[in-house]
Structure formats: structure tokens, C-alpha cells
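What follows is a set of notes on a single structure, which appears directly below.
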Amino acid sequence: MRLIASFCFLAVVAFTTTRGQAEYSCDPTPNGLSDNCIGCICEASTRCNTATQCVGGNSFCGPFLISKSFWVDGGKCVVQGDNKQDNQSWRRSVLNRLTSLP
């Protein structure tokens, strides 16, 4: 299960970083995933509700319900200027509309 979820998160990260390559510090390679695939993951998570904050004791956040461990596995992508080492940077990243939407 963790492997599947990690793949999904990496897919999301790869896709979303192509939307503003100069603005984010992640590998922008799309890895062959379609918009439909990313959209399906978002729909299955929260019906792609961009107002979704954090659930499960603040363990899963944003429209993709990304956890900190999946964010770490995906390369700790952050909005430009944020600090990857800050303990809360994962929440800021996955709650940011530009880094979390398909």
C-alpha cells in the first residue's frame, strides 16, 4: 500500500512541478502520467476539493491527502523560497494550490 501511495505522490509531484518550473525546486519530468491519471488520483482523494486542509490528526493534507512521509519520498518539493528542512514546509507545500493541483 505504501509503495502505491508513494508512486501516486511522486506522480502528483512530477505533474504539478511542470506547471511552474521556475517557481519550484523539484524534477519537472512528467514521467508519462496523463492529466486524466492525476485528476483521477485527486478525485479519489477528496473529490479534488481545493479547500481541503488536513485530516487524520493533521497527518494527511490538501486535495491529494498527502502525508509528510510521502512528501519526503517525493523529494521534499517546496514553493521557491521555502526551507525543505522546516518541520512545517511539507504542509505549506501540499496545501499550496499551485503545488497540489493537477
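The values are calculated or read from the model by the stated rules, or taken from the named source; none is laboratory data. No experiment lies behind these values; they were computed from the predicted model shown. Virtual Cβ from ideal backbone geometry, glycine too; neighbours counted across all protein chains shown.
If you go through segment 22-39 one residue at a time, do you hit one that is assigned to a loop (DSSP other than H, G, I, E, B), at pLDDT below 85, under 10 Å from the mean Cα position of the chain (by Cα) and surrounded by 13 or more Cβ atoms within 10 Å (Cβ to Cβ)?
No, segment 22-39 has no match at all.
Scanning segment 34-55 for residues that are of a type in the set (Gly, Ala, Ser), out of contact with any Leu (no Cβ under 8 Å at 6 or more places or on another chain) and without any contact (Cβ under 8 Å) to a residue 60 or more places away in the chain, which turns out farthest from Asn87 (Cα to Cα)?
Kept after step one, since they are of a type in the set (Gly, Ala, Ser), are these residues of segment 34-55: 34, 39, 44-45, 51.
Filter again for out of contact with any Leu (no Cβ under 8 Å at 6 or more places or on another chain), leaving 34, 39, 44, 51.
Then drop every residue that is not without any contact (Cβ under 8 Å) to a residue 60 or more places away in the chain, which leaves 34, 44, 51.
On the way: Ser34: 31, Ala44: 27, Ala51: 22 Å.
Once the filter is applied, the top-ranked residue is Ser34.
Looking at segment 74-97, can you tell me whether even one residue there is among the β-branched types (Val, Ile, Thr), at pLDDT below 90 and assigned to a loop (DSSP other than H, G, I, E, B)?
yes
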